[in-house]
Amino acid sequence: MTATNPIVVSDSAPATTALRSRHLLGIDGMDASEITLILDTAEAMKEIGARAIKKVPPLRGRTVVNLFFEPSTRTRTSFEVAEKRLSADTLSIATATSSVTKGESLIDTVRNLEAMDPDMIVIRHASSGAPHLLARMCRSSIVNAGDGMHEHPTQALLDAFTIRTHKKRLAGLKVAIIGDLLHSRVLRSNILLLKTVGAEVWVCGPATLVPAGLDRLGVTITTSIDKAVEGADVVMMLRIQQERMHGHFFPSLREYFSLFGLTRERLLGAKDDVIVMHPGPMNRGVEIDSEVADGPGSVILEQVSNGVAVRMAVLYLLAGRDETLAPQ
Amino acid sequence: MKLLLKGGRVVDPANSVDGMLDVLIEDGHIARVGRDLPVEGADVFDVPAGAIVAPGLIDIHVHLREPGQEHKETVATGTASAVAGGFTAVACMPNTDPVNDHAGITQFILKKAAEAGLARVYPIGAVSIGSKGEQMAELGEQKAAGCVGFSDDGHPVRTALLMRRALEYAGMLRVPVIDHCEDPSLKGDGVAHEGFYASTLGLRGIPGVAESLMVERDVSLAEITAAPVHIAHMSARQSIRAVRAGKERGVSVTCEVAPHHFTLTDEALNGQVKYDTNLKMNPPLREQADMEAMLAGIADGTVDVIATDHAPHHLDEKMVEFDRAPFGIVGLETAVPLVFDRLVHRGLIGIGRMIELLSVNPARIIKVPGGTLAPGGPADITVLAPDMKVTVRAPQLRSKSKNTPFDGWEFRGGVAATIVGGRLVYRSDREAAR
């Protein structure tokens with residue numbers, strides 16, 4: 001994939017020229033044209049990652065703070081790489097070593113940072129709505145890198161980018177999302193995005209892990225993994241957490257795998273050119289078999305590399321710069 | 001000392017009175033109610049046109065936070081908020097710090113109330129020591145000190161056995177047990193009503209049955225013990241069904257609904273401001289069908305009382321992530337506008353029923369004087385203004401805390417004046433000048 005051979009997307013809404021909000025709090029409230037803008041911009045960003053000198057100037061002189069209240073290697077480094085490629089000055093704060101352990105409130109933590117005038121704050125937090133609280137109280141642009149069980153918008157965007165790369169479209173595809181639906185922010189963001197761009201979404205998990213009222217989002221809910229996978233263009237597996245056994249959500253990882261694990265046999269029900277996705281980190285042998293995770297249809301590692309391009313696109317568009325992306 | 005309330009419409013459902021009458025107050029008691037009473041040296045309060053002279057409103061579910069949490073509210077500020085809201089008396093819950101499980105703490109609260117000299121305060125004592133649900137507190141001693149009810153509010157009465165014994169023992173003392181109905185295992189670490197909006201916002205849910213299962217437990221126990229039980233802050237439609245069925249069987253069960261549960265639903269969480277912690281309370285705002293069940297219960301008599309569950313919290317405590325914010329909103333100063341605007345003016349109930357819900361029934365349930373304008377009784381009177389335009393301004397609330405979801409809302413209906421023991425402790429026309 002090079003800059004001279006871009007993806008031609010046959011059916012998406014025409015891209016708008018700018019994002020409406022100066023924050024990225026979630027997919028909620030975004031329309032198809034904004035999503036297309038981000039994905040199209042990510043194409044150009046991906047090209048930068050293929051250059052020898054992976055750096056362009058749009059965020060030069062801007063300060064971006066990565067404030068991660070939850071441990072994360074993948075997302076945090078992905079944002080850091082994205083910020084550095086755009087020439088931003090980046091600062092990552094891991095809260096285990098910060099004053100948060102001394103009892104400082106979220107608002108005070110951010111206000112103290114703000115006193116040093118960051119342009120953007122990328123926040124990951126265990127409480128749903130934490131980015132929204134910051135957006136109300138603070139001056140910086142806020143980027144949600146995952147809030148509790150609510151949303152993980154850049155994940156859904158990089159998932160859509162990955163799907164679009166392989167399938168050349170998003171509308172009309174059957175996407176099956178399987179796993180712990182109740183606690184998954186990746187699920188919520190993906191449902192919102194995929195429905196906005198016209199995909200058909202099936203979700204599957206144990207009955208104990210289906211959020212109330214989910215059907216109102218226009219998805220098909222099933223507790224049968226075979227029905228979910230049947231004829232699917234995309235199968236997306238979600239992480240299962242061991243702690244959920246204590247809430248009586250399912251009895252054991254072994255039984256979870258036997259009822260809901262993605263194996264090669266189960267995947268045979270999908271389309272021949274099905275792609276298999278996972279936001280990571282994977283529990284091999286719990287939600288997904290290694291054979292599938294490492295197999296021909298898996299695009300899991302591509303998701304990770306697309307994450308940098310998509311996050312570059314998001315930061316670039318939020319910063320509102322339309323400087324050239326030519327090599328420095 | 002004589003005070004004459006002149007020219008108002010007196011509505012006193014307990015005595016089947018509704019007419020243009022004057023009320024003469026002498027030495028803190030109601031002396032006479034009649035047409036065109038002579039002034040004869042009394043101070044005259046000209047009741048505003050259209051206003052209603054009613055027996056003083058009584059809020060039987062209020063958190064005054066003293067002792068221990070004076071940064072949120074004190075007895076002084078809480079009773080100031082009460083009279084500004086038209087309440088001549090409040091019953092305060094025992095989840096102070098320390099918990100009011102001991103006569104000494106009740107005596108402390110009563111002393112503070114006397115010093116403030118505003119609304120009457122009737123403490124509700126804890127059912128169990130520390131409200132931990134392990135050991136029954138000294139209910140007899142607490143009653144002697146002045147408690148009018150027993151509750152472990154903040155928590156349910158922990159076990160069916162303890163609830164049964166508490167009902168039997170408190171029943172013997174002729175004091176009601178008031179239960180905060182909630183099954184802890186179903187509530188878990190939930191923060192919002194389990195439904196579409198909690199799911200969309202990624203908030204852990206509390207299902208309606210967490211409440212109704214315990215309502216059913218309490219109705220059954222009240223049935224076998226023949227003791228009165230009062231269900232606090234109902235919110236779920238299944239709870240209304242359980243209370244209605246219990247009443248039909250002749251069980252001595254009463255219940256209350258807070259104004260926010262007949263005004264707001266969980267949809268409000270997804271409004272312009274998402275995750276507003278002034279919408280976080282326990283029990284939570286539920287869905288449309290639950291709110292409609294509360295309205296139906298208020299209209300058909302299943303609901304006995306409207307009580308605010310006034311729960312002040314300091315701004316610093318509420319200005320945090322939704323998960324971490326404490327549950328509760330203030331309510332003393334918005335109750336009357338909400339009852340007028342959402343119930344009376346929408347034709348669901350009349351003024352008489354409003355007074356039953358806010359005065360007659362509360363007085364009866366906690367067995368205190370009031371709820372009536374019969375001569376000889378204490379001169380606790382609320383002058384209601386059904387057409388007063390009220391705009392809620394949180395910074396101007398009398399409560400020390402301002403955690404209300406109704407900031408900026410406009411309502412039709414308010415309080416013109418509040419009289420406790422014959423003393424005019426609040427009047428809205430003086431407030432307008434503030």
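For (1) away from chain B (no Cβ under 14 Å); (2) closer than 24 Å to A:L67 by Cβ; (3) crowded, with 24+ Cβ neighbours inside 10 Å, each residue gets a yes or a no:
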{"residue": "A:G146", "(1), (2), (3)": "no, yes, yes"}
{"residue": "A:K168", "(1), (2), (3)": "yes, no, no"}
{"residue": "A:V203", "(1), (2), (3)": "no, no, yes"}
{"residue": "A:T208", "(1), (2), (3)": "no, no, no"}
{"residue": "A:V234", "(1), (2), (3)": "yes, no, yes"}
{"residue": "A:E243", "(1), (2), (3)": "no, no, no"}
{"residue": "A:F249", "(1), (2), (3)": "no, no, no"}
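Looking at the structure I just gave you, is A:D226 loosely packed, with under 14 Cβ neighbours inside 10 Å, away from chain B (no Cβ under 14 Å) and not in a loop (DSSP other than H, G, I, E, B)? Against the criterion (loosely packed, with under 14 Cβ neighbours inside 10 Å, away from chain B (no Cβ under 14 Å) and not in a loop (DSSP other than H, G, I, E, B)), A:D226 qualifies.
Against the test of being assigned to a helix (DSSP H, G or I), without any contact (Cβ under 8 Å) to a residue 12 or more places away in the chain and within 13 Å of another protein chain (Cβ to nearest Cβ), the options A:R216, A:R188 yield a single qualifying residue, A:R216. Meeting the requirement of 1 or more residues that are touching a strand residue (DSSP E or B) at 6+ places or on another chain (Cβ under 6 Å) and within 14 Å of chain A (Cβ to nearest Cβ), the helices (runs of 4 or more DSSP H) wholly within region B:168-229 are B:184-187, B:196-201. Considering only residues that are outside any strand (DSSP E or B) and touching a strand residue (DSSP E or B) at 6+ places or on another chain (Cβ under 8 Å), which ones fall in region A:162-178? If the condition is that a residue be outside any strand (DSSP E or B) and touching a strand residue (DSSP E or B) at 6+ places or on another chain (Cβ under 8 Å), then A:T162, A:I163, A:H166, A:K167, A:G172, A:L173 are the ones that fit. If you go through region B:94-144 and pick out every residue that is outside any strand (DSSP E or B), under 22 Å from the mean Cα position of the chain (by Cα), charged (D, E, K, R) and surrounded by 15 or more Cβ atoms within 10 Å (Cβ to Cβ), you end up with 3. Of the residues making up region B:70-93, not a single one is over 20 Å from the mean Cα position of the chain (by Cα) and either surrounded by 19 or more Cβ atoms within 10 Å (Cβ to Cβ) or outside any loop (DSSP other than H, G, I, E, B) (or both). Residues in region B:250-273 that are within 14 Å of another protein chain (Cβ to nearest Cβ) and buried (at least 24 other Cβ atoms within 10 Å of the Cβ): 2 in all. Considering only region A:91-109, I want to know if a residue exists there that is closer than 30 Å to A:L301 by Cα and within 14 Å of chain B (Cβ to nearest Cβ). There is at least one residue in region A:91-109 that is closer than 30 Å to A:L301 by Cα and within 14 Å of chain B (Cβ to nearest Cβ).
When B:R237 is tested against (1) within 30 Å of B:P405 (Cα to Cα); (2) in contact with a strand residue (DSSP E or B) (Cβ under 7 Å, 6 or more places away or on another chain), exactly one condition is not met: (2).
Looking only at residues of region A:39-65 that are in contact with a strand residue (DSSP E or B) (Cβ under 9 Å, 6 or more places away or on another chain) and surrounded by 15 or more Cβ atoms within 10 Å (Cβ to Cβ), we find that the one that is farthest from A:L133 (Cα to Cα) is A:L59. Kindly indicate whether any position in region B:310-330 is farther than 30 Å from A:M137 by Cβ and either at pLDDT 95 or above or surrounded by 23 or more Cβ atoms within 10 Å (Cβ to Cβ) (or both). No, region B:310-330 has no match at all. Taking region B:173-207 as the search range and keeping residues that are without any contact (Cβ under 8 Å) to a residue 40 or more places away in the chain and among the hydrophobic types (A, V, I, L, M, F, W, C), which one is nearest to A:L181 (Cα to Cα)? The selected residue is B:L186. Within this structure, A:L158 fails the test of being assigned to a loop (DSSP other than H, G, I, E, B) and either within 12 Å of another protein chain (Cβ to nearest Cβ) or within 29 Å of A:A44 (Cα to Cα) (or both). Cβ-Cβ contacts under 8 Å between residues 6 or more apart (or on different chains), taken from a first residue in region B:243-260 that is in a strand (DSSP E or B) to a second residue that is modelled with pLDDT of 95 or more and charged (D, E, K, R), are listed as B:V253/B:D218; B:V253/B:K247; B:T254/B:D304; B:C255/B:D304; B:E256/B:D304. Among residues of region A:118-131 that are within 7 Å of chain B (Cβ to nearest Cβ), those with a Cβ under 6 angstrom from a residue that is among the small types (G, A, S), sequence gap 6+ or separate chain, pair up as A:S127/A:G148; A:S128/A:G148; A:S128/B:G202. Condition test on B:R237, is it surrounded by fewer than 23 Cβ atoms within 10 Å (Cβ to Cβ), more than 14 Å from chain A (Cβ to nearest Cβ) and closer than 18 Å to B:D304 by Cβ? In short, yes.
The values are calculated or read from the model by the stated rules, or taken from the named source; none is laboratory data. These figures come from a predicted structure and were not determined experimentally. Note that we place each Cβ from the backbone using ideal geometry, even for glycine, and neighbour counts take in every protein chain shown.
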